[in-house]
Amino acid sequence: MNLPVYDVHTHVVPKGWPDLAAECGGTGWPWLRVDSERAAMLMVGDHEWRPIQSACWDAPTRLSDMDADGIDVQVVSPTPIFFSYDRPAAQAVKVARVFNDLVLECAAAGGDRLVPFCQVPLQDPDAACEELDRCLAAGHAGVEIGNHVGDRDLDDPGVVQFLRHCAEVGAPVFVHPWDMPGGPRLDRWMARWLTGMPAETHLSLLAMILGGVFDAVPDTLRICFAHGGGNFPYWLGRADNAWHRRGDLVRGRSTRPPSHYIGRFYVDSVVFEEPALRLLVSVMGEDRVLVGSDYPYPLGERPAGQVVRKADFLTEEQRSKLLSTNAARFLGGLHRTAGVALSGT
């Protein structure tokens with residue numbers, strides 16, 4: 001039987017959310033300026049933040065693109081601008097509820113082919129656990145989190161509390177970089193996205209390892225990092241070297257060198273070129289890389305999964321793992337495929 005092909009890294013922007021200032025309190029919330037039936041602009045105040053197309057909210061458009069790309073199932077996650085970690089927790093709880101309910105509606109329009117992930121108010125671990133439980137009961141399959149909360153990284157005790165809860169309830173976690181540093185050197189050429197995002201993911205993986213998180217949370221935690229793990233796979237040898245040679249400064253709360261923790265987390269495949277994918281699979285292992293595209297944004301991969309499909313170095317068994325079975329394991333079992341016309345592997 002053919003296996004479904006998954007894309008675990010896609011985003012959604014629902015259409016028609018309420019006025020967030022009235023709904024949640026506070027000011028300066030994002031809002032959507034609808035320019036046509038198929039185009040809109042994400043606004044923050046009077047600032048144009050990002051142009052988006054109907055693929056962000058329209059299930060038929062998304063399903064048509066999935067068919068064109070040979071993708072059977074997408075995991076749909078929030079766009080990080082809505083995380084609201086810098087706001088009072090009460091406001092972040094309210095905005096999470098608004099968008100989590102809307103994401104469920106977007107996913108429902110795609111049937112079994114769209115798998116919704118929720119967002120949580122990560123600045124308040126108790127509220128984050130409560131919202132995750134509410135969302136899982138409502139039909140979400142997992143959670144997307146940002147890679148830091150202000151100056152608190154993924155080894156922060158509150159974040160660790162939330163990750164432990166995810167392990168206990170069996171919720172997969174997708175970590176996405178956001179809120180990158182700016183400044184004159186980074187505010188041109190999309191440099192925050194081209195250099196800041198890989199660096200942010202690298203830093204957060206180091207925080208998970210050197211901060212002792214993988215030693216503290218159960219190995220049942222299923223966690224995946226976006227964009228091929230950022231810079232981390234390329235510089236794993238440097239991290240190991242520093243752990244051994246400057247352990248007085250580098251080891252932190254980790255009990256083993258960084259390479260020991262390979263196998264405790266997944267990364268997606270959106271690295272765009274076969275040599276990069278070869279390195280990624282070599283470092284991470286064939287069981288820990290799964291297809292992600294960053295659909296529908298322009299810095300994502302289209303057709304989704306094309307580098308995996310075309311990579312000459314992969315055996316067909318390895319290709320099937322990257323396209324299907326690794327994602328099924330990350331999600332907690334083979335996803336229902338009733339009514340899905342499978343693209344195969």
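Annotation: amide H-H contacts under 5 Å for Val115 (H modelled 1.01 Å from N, sequence separation of 5 or more, or interchain): Gln74, Val75, Val76. As I understand it, the dipole of the stretch 94-176 uses +1 on the Cβ of Lys and Arg and -1 on the Cβ of Asp and Glu, about the Cα centre. Which of Val115, His176, Leu132 lies farthest toward its positive end? Comparing the listed Cα positions along the dipole, Val115 ranks first. Listed by chain and number, the lysines placed with their C-alpha closer than 24 angstrom to that of Lys310 are Lys321; residues fewer than eight positions away on the same chain are left out. Round to a whole angstrom and tell me the spacing of the C-alpha centers of the stretch 295-318 and the stretch 127-189. Here the two parts' Cα centres lie 26 Å apart. Quick one: longest stretch of the chain between exposed loop GluC sites (Glu not before Pro), exposed meaning at most 12 other C-beta atoms within 10 Å and loop per DSSP? Result for the longest clean stretch: 38-272. Using Cβ point charges alone (K and R +1, D and E -1), the dipole size of the stretch 247-292 about the Cα centre works out to roughly 360 debye. Computed over the chain with a Gaussian network model linking Cα atoms closer than 10 Å, the most mobile of Ser282, Ser204, Ser84 is Ser282.
Each label point was placed 7 Å from the Cα along the Cα-to-Cβ direction; for His260 and Ala90 their separation is 4.5 nm. From least to most packed, judged by other beta carbons within 10 angstrom and beginning with the fewest, Thr325, Thr10, Thr27 follow the order Thr27, Thr325, Thr10. When the charge dipole of the chain is built from unit charges on Cβ atoms (+1 for Lys and Arg, -1 for Asp and Glu) and taken about the Cα centre, the candidate among Leu163, Ala304, Pro275 whose Cα reaches farthest toward its positive end is Pro275. What residues from the stretch 7-44 fall in the zone where the backbone N is under 20 Å from a label point 7 Å along the Cα-to-C-beta line of Gln53? From the stretch 7-44, the list is 7-16, 32-43. Taking each DSSP H run with n ≥ 4 as -39500 (n - 2.57) and averaging over every residue of the chain yields -10000 deg cm²/dmol at 222 nm. Mean sequence separation of contacting Cα pairs (under 8 Å, at least six apart), scaled by the length of the stretch 6-331, corresponds to a relative contact order of 16 percent. Calculated FRET efficiency, Ala137 to Phe313, Cβ-Cβ distance, R0 = 56 Å: about 0.85 to the nearest 0.05. Reducing the stretch 1-25 and the stretch 195-273 to their Cα centroids gives an inter-centroid distance of 28 Å.
Summing Cβ point charges (Lys, Arg +1; Asp, Glu -1) relative to the Cα centre of the stretch 233-337 gives a dipole of roughly 460 debye.
Sorted fewest first by neighbouring Cβ atoms within 10 angstrom, Arg185, Arg62, Arg264 come out as Arg185, Arg264, Arg62. Once label points are set 7 Å from the Cα along Cα→Cβ at both Arg33 and Arg152, what is their separation, rounded to one decimal in nm? Spacing of the two 7 Å Cα→Cβ label points: 3.5 nm. Counting only whole DSSP H helices of the chain, the ones at least 27 Å long by C-alpha along their axis and with mean Kyte-Doolittle hydropathy no lower than -1.0 are 89-108. Placing unit charges on the Cβ atoms of the charged side chains and taking the dipole of the stretch 6-331 about its Cα centre, the candidate lying farthest along the positive direction among Met43, Gly263, Ser77 is Gly263. Taking 0.36 nm per residue of sequence separation and removing the Cα-Cα distance, the Glu105/Arg245 pair yields an extension gain of 45.2 nm.
Exposure proxy shown here: for Lys321, Lys310, Lys15, Lys94, the number of other Cβ atoms within 10 Å sets the order, fewest to most, as Lys310, Lys15, Lys94, Lys321. Model label points for Ser282 and Val44, set 7 angstrom from Cα along the Cα-to-Cβ axis, are 3.8 nm apart. Dipole check for the chain: with +1 at the C-beta of Lys and Arg, -1 at the C-beta of Asp and Glu, and the Cα centre as origin, the magnitude is about 700 Debye.
We did not get these values from a lab; they are worked out from the coordinates using the rules stated. Small disclaimer: the values here were computed from a predicted structure and weren't measured. Glycine gets a Cβ as well: all are built from the backbone with ideal geometry, and neighbour counts include every protein chain shown.
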